[in-house]
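Please read the structure below before turning to the comments.
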Amino acid sequence: MAHDERLDMTLSEAVYSLRAIRRQKPDPIPDQDIRAILDAAIQAPNGGNMQPWHFLVVTDDSLRAQFAPLYHEAWWAKRHDSGWYTPDDLPDAYKGPMQLADEIGNSPVLIFVCALAKGAAAANSIIPSVQNLLLAARALGVGSTITTLHPTIEDRVHSLFDIPNTAQVVYCLPLGYPKGNFGPVNRKPLEEVSSFNTWGQSW
């Protein structure tokens, strides 16, 4: 099967250095790299091979500028749902995501990962494609992170990008070259987050 040889970073290196990249340079990403990233995404397993996905790639400056305040509104709507109303209310872990909410319009590429039907079944079936997308982007030196929107802006996002009402936006992924570095990442030891045969049984 033909594939892009530029994605030949070892799986180990990609997996162990992949992290959420929220601080991104505004430098454009070549179209051939975007296509390679998306081609990797559509190789992912999915329910019944129905391929219930559509990837909306947005590079237009005006559209990204119009989306930016919508994302900012959505991000804070989710925080309000949790009872947080000002930056001082936020736990430290949310400071990076808050910065992305302020700067997402500067990301050179936005990819809206959409399901062609409404509901959890269609949304769940596209999840593996997103991991493929992130790993392929990592191999090309492009950073991203998974974000979600909020019902308060759903209709306006559909209108802005002419997304049909039969589809749903599952994730929005801003892509850009990182300000900073990829991994290594900090994770809890495997023994703390896994069990053997029954819950709580150590390996």
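Placing a pseudo-label 7 Å from each Cα along the Cα-to-Cβ vector at Asp102 and Met50 gives an inter-label distance of 4.2 nm. Estimated from the Cβ-Cβ distance and a Förster radius of 22 angstrom, the FRET efficiency linking Lys179 and Asp88 is about 0.30.
Using a Gaussian network model of the chain in which every pair of alpha carbons under 10 angstrom is joined by a spring, one finds that among Thr148, Thr59, Thr86 the greatest mean-square fluctuation is at Thr86. For the residues Tyr85, Tyr177, Tyr71, a GNM of the chain with alpha-carbon springs under 10 Å puts the largest fluctuation on Tyr85. Pairs spanning more than 29 Å between alpha-carbon atoms, out of Lys95/Lys118; Lys78/Lys188; Lys25/Lys118: Lys95/Lys118; Lys25/Lys118. Debye-formula intensities of segment 49-174, expressed as log10 I(q)/I(0) at q = 0.14 Å⁻¹, are -0.64 (one equal scatterer per alpha-carbon, no solvent). With protein chains left intact and a 1.4 Å probe, residues in the chain average 57 Å² of accessible area per residue. Residues of segment 49-84 with backbone nitrogen within less than 18 Å of a virtual label 7 Å along the Cα-to-Cβ line of Thr166, please, listed as ranges. Only 50-56 fall inside the zone, counting backbone N under 18 Å.
Placing +1 on the Cβ of every Lys and Arg and -1 on the Cβ of every Asp and Glu, with no other charges, gives segment 34-190 a dipole of roughly 540 debye about its Cα centre. Comparing Leu100, Leu90, Leu149 in a Gaussian network model of the chain where C-alpha atoms under 10 Å apart are linked, the largest mean-square fluctuation is found at Leu90.
The values are calculated or read from the model by the stated rules, or taken from the named source; none is laboratory data. Here the structure is a predicted model, which means the values were calculated and not measured. Reconstructed Cβ throughout: ideal geometry from the backbone, glycine too, with neighbour counts over all protein chains shown. For the accessible areas, the whole protein counts, side chains as well, though only heavy atoms, and no ligand, DNA or RNA atoms are used. Shrake-Rupley method; radii C 1.70, N 1.55, O 1.52, S 1.80 Å.
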